[in-house]
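The structure appears below as structure tokens.
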Amino acid sequence: MTARNLQSNVKSLGLPWSAAKGFDGFTPISTTFLPSSDVKDPTELRLTLTVNNEIKQDGKTKDMIFGIPRLLEHVSSIMTLEVRARLVFPFFAVILSLESAGR
């Protein structure tokens with residue numbers, strides 16, 4: 001989730017956009033996780049976003065611009081990945097406003 005008003009402001013000042021993504025509640029994460037032992041092929045994972053019982057986003061990890069191994073390599077070159085770390089990557093080309101997505 002991005003605070004677009006803040007993003008526009010820091011963008012115009014040439015500052016990093018990350019500040020527009022760092023507010024409490026901006027990263028809802030499911031309580032249901034697929035055990036890694038159940039993942040046969042990580043490039044074939046299907047990810048969906050459902051809001052108010054309506055599918056808003058639907059896609060597979062194979063459709064990501066950068067593959068999972070490349071993303072993990074990049075992130076781990078910058079920071080230590082701890083056991084049970086959760087990484088969140090932009091995935092879908094769909095941008096929803098709160099108004100269109102529901103609350």
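The values are calculated or read from the model by the stated rules, or taken from the named source; none is laboratory data. Since we're looking at a predicted model, the values are computed, not measured. We place every Cβ from the backbone using ideal geometry, glycine too, and count neighbours over all the protein chains shown.
Pairs meeting the criteria (first residue in region 66-77 and assigned to a helix (DSSP H, G or I), second residue modelled with pLDDT of 90 or more, beta carbons under 8 Å, at least 6 apart or on different chains) are Leu72/Leu81; Val75/Leu81. Taken over region 45-63, the criterion of being at pLDDT below 85, surrounded by 12 or more Cβ atoms within 10 Å (Cβ to Cβ) and either part of a loop (DSSP other than H, G, I, E, B) or of a type in the set (A, V, I, L, M) (or both) is satisfied by Leu47, Leu49, Val51. For region 17-32, the set of residues classified as surrounded by 10 or more Cβ atoms within 10 Å (Cβ to Cβ) and not hydroxyl-bearing (Ser, Thr, Tyr) consists of Trp17, Ala19, Ala20, Lys21, Gly22, Phe23, Phe26, listed by residue number.
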